[in-house]
Each structure stands twice: as structure tokens, then as C-alpha cells.
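S.K.: Shown below is the structure under consideration.
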């Protein structure tokens, strides 16, 4: 007996489509979200937004509030970061997603972005899940570092039970004994979760591997495994990034990757959500 | 180079003493906190409080706000639970600790209890860590299910950096491949953390093992390993518990265990904080 | 400083080609090995061999000696299994690989098969590694259930140091806290190992997932990630298999999968080793 | 339903006593085995043997054949090491245990030592388990690095099913994400295995922690948890050890530890097997 109900494929066979402006998760198109780990400056974010838009991303990511392991790490620009995300969105037409970490950041984010991200560290922050649920905004729910598939789906259940069915799950690597990569990207659960639940599932190979040279192979692998989208770190100048530069693709890398993803999507009978590149 | 500073033994060699009314953590006495996982009713809590007081506990635990994996599990009595904790404290003289899960529960708890507990699921909830830091109340910080020792000490650093040096660390088992026990109690890090940090470290064998028959051996083992205290689940009627009954000791079990802990403490040159049993 | 030398890409940049009769590992072709987990009977093995040959596999697998967790599980047909592998090889032209578990089985296998497999449980059986090294036969070395990349490469170093450079590495899933799949297939290390070492790396999605419905997506993902080959369980009647039937593809499933793998190979600039299907 | 039978407490309630000359495992006495990780020289081994004997150990350990992760690490003195163990045994009266890694080393060891050790890396080497079973010698079976309790008991079942009931289990730490200690000593399974099986269970805190400063606290903890014995690394000059010196106790450390273990044993109603120190 599954302990979750609303997110279960037993309740609803057909896949849930989660629409975030032009981006659609869970349909025949594979949605690629790209952008920097952290919003650092107007210049950096706009360069990233233009670059990923041109290469075919359908959505822009960027962190304004970061949960960091150390209190001495850069914690994000806060509301100023959100304003920059809105500006980048207005210029490029890309929908935006940003991480929220508590009630205050969630309330602010609701005014500026199109989708809320709940990070791995907050996957079982039930208060935050409920608030995200009540907000009605689409939610990107990352799997916790050591969360089982069942716990992850129960976290999604919190959001849906609070009245919000627009949940996209995101696999981002789990913590194992292997430290040759930052975390272990668990692609095997992508088709499994798609059997268990009607919610879309995307993959973040940037955080999982922590190594920009592994991001392209793992992005192709995720699409080949049937993922409904990707969440990628792309930075205009990875070597100068304030956070996670080592795992960021350059815009050039990203442009090179997208046609490979398009071709891989075709093998699983899908396409990339590439309309954007045509209009821009 | 250690990434934490304020909690490091490099900064301060002598152990920090954390006082919570009569209970002291980090000194020569070993502090035993006991009580039910969740406050269920006035009757249940008072029976538990009287029982653990008589057996020698120096502090009462009881959950009023629970972070639960499933939205359909019992989430606690909320403020009513806090009121009952205060009543039990007034009657028995025991100091109290309860888990806080967000800003609202933290603000309420400050009015009713003597120590705030931050649970494993919230160990990296940096907002909650900062609020607990600013509150000035003693904080019991549980290790996250898959947190490294370094991440755990950095979480404590958040609290201390916010101005609150009264932090007690609590090892409660980590997630591993082994499911014969609920989690794997990692006692080896107790003496290690005592080398790395000046903060007291206590152990929760109830959650770690999830099996009441393993709680007594692991409690003795924790004291033998040098732990500064224990956090134990004790329920007047474990078979009727709303939460985690399978891992709760009965009051009788607990009374039987305390003299063993007293004897084990002597081997490491310490005593149990047993004054309470004499006065009650 | 890498602790291994002979297997390191520091010693030799160009990839090692391991030839096993017509099959080549590490070149532009991707080699697909298929067949049953265990040789059960002449009828079963020949049906499997004919089926996988027709669908384009370049090599036949089949276990004659099994290391089983329980002494009461079926341990394989022994030499009779090896004879059947040789017969299937003679009929279909496929090269063969079988697991060896000790000196006696290794000596027997040398007379019947084209490649020796060392299983996950024996990855650090240094005696067996040395014997396989001295034999000169190509060796398929599976990663241990909890082996780090470094330990795996050191195990390969044992074989090469004993004089045998024909080593193919095989990722087969690692043990983690997640039991929704049998093990966690760690595809992220495929491109990593290809950077660290000149040895070919293939992937076994059957054992890793333990779920036949996940084998096709994970096979595509492995090829998309750049794997040099696949090791697949294919059984003529999975529902009747004596071992691991739940994770076996039927011959029909396998025939359906191969064109997808061919198309995925093209995306990474490679082809499947499909000559066989033309000749048969 | 338990998948093992002969080792199960369902078959036999009373604990199995395993006698190795004067040492007894599983009775009221706690047996302490001590000695160097590897036999390095006559001088080193005799100094260790005399020292541990004087301090109250009932058995001498020392490796002559090592399974090492790297082929370039010291692999042991082989038969010469066994001869030295016999000599040390004759002089001190201590029974001896040494690791066997394949058929050849096992056959040699049978002529020189009193107990065979099967190491963590070979826990699922079913051939070796069977040979150890047929030998009739007492066997010390270490838990594999990532073996579940069930797999470990099934490995013991192999030995008992081959006709040898003299099996002592040894917990030596499991592989987890936490690298602050070498492995994670899983003491919680000690009382659990004693419920599931009638076989004695001892603990090796030296390998588990990899840190000599953690060995004393974890040794006390193991006894407090109910372990039937300990396996400790003691070296006359830890700073000069060829292998694992960092985790070895000096003879002085060991002498200091034994009275603490004696006192801890009393708390669980047992004694240390200390007769030896009186006679020597």
C-alpha cells in the first residue's frame, strides 16, 4: 500500500502537465531550465539569460536566497536578486524559478518569479511545503540528499494536499559513500517515479556531479532515461562564479549540448521545448 | 583547516557548560532527558513526567509540533502541548525541551519551555538556526540523517554566530544501507566531536534504533563512549503511543536502566545528574 | 596522486581496445553482451543465444558458477554450464563470458569461454584477481557493491600488474540507502572513469535496477553517458528463470531495445557492434 | 521468515560457546583478542604477544596474508608470519587467530593457528566460507563493509552448513557517507544479532574507527552494548607499524584500557577472560 494518495498514479493515470508560462512539464516536450546557481549581478544574470535563451532553454533559474552549509558562505542577494530575475524575464521572455527557504523569502518570491523551488535541504520542511502548497504557484521540489523515493513523494503530497497540484519533482543526486562525484545521480528512479506518480520528474546533473565535465553526459543520460526536463547551471564566466563555478557549464558548452539533447529526445519520442530559440 | 570557528576546540579548549535550570550539559554529570515522543494528553504527559523524575531524569522531553514524513500522520497538539509541558514542569520541577519546526512554533515555545530542539530534518534550515540563535534559549541540535560531522558543526556555528553559545549536539543515528535497525547509531563520532568542538554531545538511542529492546544496550554504550547525556523516549503505556511506541521504554524499563547508567558513568569518571530523584 | 599506475590515463592517453573474438571494447563500437543470468539447460541457453544473436548482441553471457548470498540458492550447473556455453558459442559464433569465483572454476572456465567475469562480491579477492591476471584471458571486472572508483581501479591494477592488460570495467550499481531499486546505478562515474583510466567501461543495468521495466531506460542512459558497452540479462522465458527473472528482458524486449541503443550510440558518435545480426 | 536456519535463534535458543583453547566466546566471559594488524618481525610479534598477554588478552591476532586494496601495499610475510605466530603462542600460551584469503593460505594456516579469520572483503567468498566450514577450525567471520545483518548471517550459514558450528561473528564497521571516521562502527546490531542468532558476536573498533584515540571509548561502548568480545590492534611501536599504525593502541594504552573493560563487563553481569594475566 502506497502511503501517498494524491500524487499516486493509482489515483490518476494520465501525467500531470505543469505549465509555467510557455514552459510545460510532463508533456511530449522536454523542458530545459538553465541559469546561474546564484544571481550575482545584473550583468551576470542578463548575460546568462540571453545566452541560455538563445540556445533554447525555456526557463531561467537563479538563486536569490541560498541555504548554505556554512554561515560564512555567500547567502544570495535577496530581494535585489529577485528584481534582477524579473528584469531578465521581461527582456528574454523566459519564465523564472528561484529557491525559497522560509516564509519571508517565499512571500517575496511570489511577487517576482513564476515557479518556487524547494531545495534538497528543505524537502522535509513541512511548514515550507504547506506554504508552497497554499501559494498556488508551480513548485519545483528537489529530492533530499538522503530521501527515499517514498519520502520524496510524501513531501510532494504535502504540497498537493495543501491545494496545489503543480508540482515538478527534481532528482539531484543522493549522498552515498562515493565521493569521486559530489553526489550520486540516481537516474534509475526517474522511470520508477514515473510509474508510481503522475507528477513530472526532471533531473539536475550539475549539483549531482559537481563537475562540469560530467554534466553533458549526464544530461544526455537523463533525457535517454525519460526525464521530463533538466535543471542546469550555466554561467557566463564559470571561472568567476561566486558559487559552484566548478560545476557550471559555460554558455558555449550549453549551446553545444542542446542539439545533443534534441537528438536524444527524439529517441524517446519527444522533442525539446525549443520554441523559444526561434522567437528570440 | 576547519571551516567552523566559534564551535571549534581550536578557539576554546575547555568544554562549554550548557545549563538548563538544574540540568547541566558538558560537565562531570551526565544529563538524562526523558519523556514521550509526542505530548498526547495531560494524563499521559504527567504520568511520564512523574515516572522519569522519580527514576532520576533531569529534564522532560515531549513533542508539541512534529515534522512528519507524511501529511496524514499526527502532527502534535501545538500550543496545548506546550501548556501541558509547562504544567508537568511546574509539578515535577523538571526543565523541559520541545522541538520547534518554524518561526511560529519557535515563538510559542519560547514562552513555555526551557530548551528548543531542532530536529534532524531541520538541521540545515538556516533560517530556523538563526532564529534559535537569536532567541538566546539553550538549543538541542540533532544531527541530520545524512549530515557529516562537519556539516553538523557548521549548523551549530549558525546558532553560535547568531549570539547563542548554549548549544548541545545530539547524535541520533544516520541513514545507511542497513535497515535491520531504523538508523545506524554512530557512536564513534561522540569522542571525535568532543575533540573537534567544545560543545556538549548527547545521544538519542530511541530514534536511532527504533527498537525498544536495543535502547538499554545503546544507552549504556553511549555513556561508556563518553556522551554528555542521553535523550530517551519513555512512555507510560508504550503499546498505546500515537507515535514511535515501538521504540519507547516503559517507565519500568527506564527505572531499571538508570542504575546501569550510573554505574557506567562511574567508569568514565562521571556521575548521573541524579539529584532530582532524591528531592522528589 | 593516483594510487594506481598501469590502469591510469596518466600512463597511456589512448583508450585500450579489448578484443574478445569479434567483439571489441573501447573503440568506436559499443559492445552489447546479453544472455541469461544463469545457464539452466541446453534448451534455455540455446534459445537465449539465438535470440540475442539475431537481435545484434556481440557476446553471450551465462553463469555456471554463482556466488549466492544464501547457501540454499541455486549455485549453477558448473562444468556442464560451461559446456553448454561452448556449444551455444559454436552454433551462433558469439564469444562468451562467464563468472569465475575461485581457482577451480577459473581453471575450468579457461577451457570453455572467451572472457572471465569477476563479480562484485569478489572485486577485492586479490588472489582471484592475480589468477585472472596471469591467465591472459580478457577479464570483465565488476565494481564491488560498495567499492569506490579508486578501489575499483586498484582491483583492475592487480590484474594488469599480473600481466594482463585486457580488462573491461563494469559498473553494476552500488549499495545505498535507497531500496526502491535493487541498487543505485552510478552512471556519473562512467565518464569519470574514462578520464581517469584508459580501460573500457561498460554498464550492467539488469543487476543494478533489479527491475526489468527499468532496464531499457537505463540501457539508453548508459549509452548516452558514453559507456563502451552493456551487459544485459535476457532470458527466453523470464517468468520461469531460476535466478533474477524479475530483472531479465525477454528476447522480444531485447529486440525492441537494440534499435534505440543504435540511435543513442549515433548521438555520441558511435555505432553498435551490429555486424553479427547481418551474418546470422 | 528468516532465510537462514542453522545460525538462527529459532533453531537453538541457548548461545553457542566457541572454545579456542583457553578462550571462550559466547559465555559469561568477554574474550579480548589483541595483537598487531600484520606480523612484521619476530621481535615485533613477541613484544606484542608478551605485552597483550600481561595485560589480560586471551588470544593473539596477527596477519600473515593480507588482502590489500592496492597491489603495491605490503601483503604480509606468508608462512613465515604463521611460524612466528606459533612461536609467540608457544611462549605465551595464547591461542592465535589469523586471516586466510584463499585455499592456499587456509591450508597453511590450519597447521599453525587456532582460529581462522575471514575478512570483510571475503565475507561473501562462498568458496572460502565452505573451505573454512569443512576445516572444522573455529572461524572468526567479519561483517562485510556493506553487508546487511541478513547477508552476514547467511555467510555464517555457509560455514555452519559445511559442518562447522564454531563461528564467531565480528562487527568491524560499515561503509557510510561519513568519512570523519574510517568506517561507521554499527554497535546497534550487536544486541540485535544476539537476538537473531545463537552465535557469539565480537567487535573490532580498531578497523572501524581507524583512529587510535577512538578505540578505547568504542571498546568500552562495545562491552556496554553486550558484545561477547573484542578484536583490538595493539602494536609495540604504533608509530613504526607497516600497516594501520594510526589505529593501533600501544601496549601501554592497552594495559590502561583493560581495567575499564573489566569494570564495564561487570555492569552487564560479565567478566573479562583475565585468567591469563594471572598465570603469566
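Coordinate-derived values only; no laboratory data. Every value quoted in this text rests on a predicted model; they were computed, and no experiment measured them. Note: ideal-geometry Cβ built from the backbone for every residue, glycine included; neighbour counts use all protein chains shown.
S.K.: So what does log10 I(q)/I(0) come out to for the protein assembly as shown at q = 0.04, 0.05, 0.10 Å⁻¹, using the Debye formula with one equal point on every Cα and no solvent?
M.R.: Rounded to two decimals, the profile gives -0.21, -0.33, -1.34.
S.K.: Still on this model: Please give the FRET efficiency for residue C:239 paired with residue A:252, using the beta carbon to beta carbon distance and R0 = 51 Å, rounded to the nearest 0.05.
M.R.: That pair, residue C:239 with residue A:252, gives E of 0.50.
S.K.: Report the calculated FRET efficiency for residue B:86 and residue C:107 (r = Cβ-Cβ distance, R0 = 60 Å), to the nearest 0.05.
M.R.: Efficiency computed from Cβ-Cβ geometry: 0.20.
S.K.: If you bin the C-alpha pair distances of chain D every 5 Å from 0, what whole percents do you get?
M.R.: 1, 6, 14, 19, 21, 19, 13, 6, 1, 0, 0
S.K.: Sticking with this one: May I ask you to report, in nm to one decimal and beginning with the shortest, the distances from residue B:240 to the same position in the other copies, taking label points 7 Å along Cα-to-Cβ?
M.R.: Label-point distances to the other copies, shortest first: 5.8, 6.8, 6.9 nm.
S.K.: While we're on this one: Describe numerically, in nm with one decimal, the distance between label points set 7 Å from Cα along Cα→Cβ at residue D:195 and at residue D:1.
M.R.: 2.2 nm
S.K.: Under the convention of a label 7 Å out along Cα→Cβ, give the distances in nm from residue A:86 to the same position in every other copy, shortest first.
M.R.: The projected label point of residue A:86 is separated from its counterparts by 4.1, 7.9, 8.6 nm.
S.K.: Work out the FRET efficiency for residue D:8 and residue B:14 from their Cβ-Cβ distance, taking R0 = 56 Å, and round it to the nearest 0.05.
M.R.: Once the sixth-power term is evaluated, E becomes 0.65.
S.K.: Okay, moving on. Ignore the peptide's own chain and count Cβ atoms of other chains within 10 Å of each Cβ in B:209-222; give me the average, rounded.
M.R.: Mean inter-chain Cβ contacts per residue within 10 Å come to 6.
S.K.: What Kirkwood Rh does segment A:179-228 have if only Cα atoms enter the pairwise 1/r average? Answer in Å.
M.R.: Computed over segment A:179-228, the radius equals 11.2 Å.
S.K.: Under Stokes-Einstein, with the Kirkwood radius over Cα pairs standing in for Rh, what whole-number D in µm²/s applies to segment A:120-196 at 37 °C and 0.692 mPa s?
M.R.: For these conditions, the coefficient is 256 µm²/s.
S.K.: Would you tell me which residue of chain B has the beta carbon closest to the rotation axis bringing chain B onto chain A, and how many whole Å away it is?
M.R.: In residue-and-Å form, the answer is B:146, 2.
S.K.: Now for a separate question. Determine the relative contact order of segment A:18-273: mean sequence separation of Cα pairs under 8 Å and six or more apart, normalised by residue count, in whole percent.
M.R.: It comes to 21 percent, rounded to a whole number.
S.K.: At 0.36 nm per residue, minus the direct Cα-Cα distance, what do residue A:42 and residue A:271 gain on full extension? Give it in nm, one decimal, please.
M.R.: Stretched out fully, the residue A:42 to residue A:271 stretch lengthens by 79.3 nm.
S.K.: Could you work out, residue by residue across C:192-203, how many beta carbons of other chains sit within 10 Å of that residue's beta carbon, and then give the average as an integer?
M.R.: Mean partner shielding for this stretch: 1.
S.K.: Another one. Shortest first, in nm, what separates the label point of residue C:136 from those of the same position in the other copies (7 Å along Cα→Cβ)?
M.R.: 4.2, 7.7, 8.3
S.K.: Count, for each residue of A:163-176, the Cβ atoms from other chains sitting within 10 Å of its Cβ, then give me the mean as a whole number.
M.R.: Taking all residues of A:163-176 together, the mean is 2.
S.K.: Write down the Kirkwood hydrodynamic radius of segment A:23-75, to one decimal in angstroms, obtained as one divided by the mean of 1/r over all alpha carbon pairs.
M.R.: 12.5 Å
S.K.: Sorted from largest to smallest, which semi-axis lengths in Å does the alpha carbon gyration tensor of segment B:208-280 give for its equivalent ellipsoid, taking the root of 5 times each eigenvalue?
M.R.: Square roots of five times the eigenvalues give 23, 15, 9 Å.
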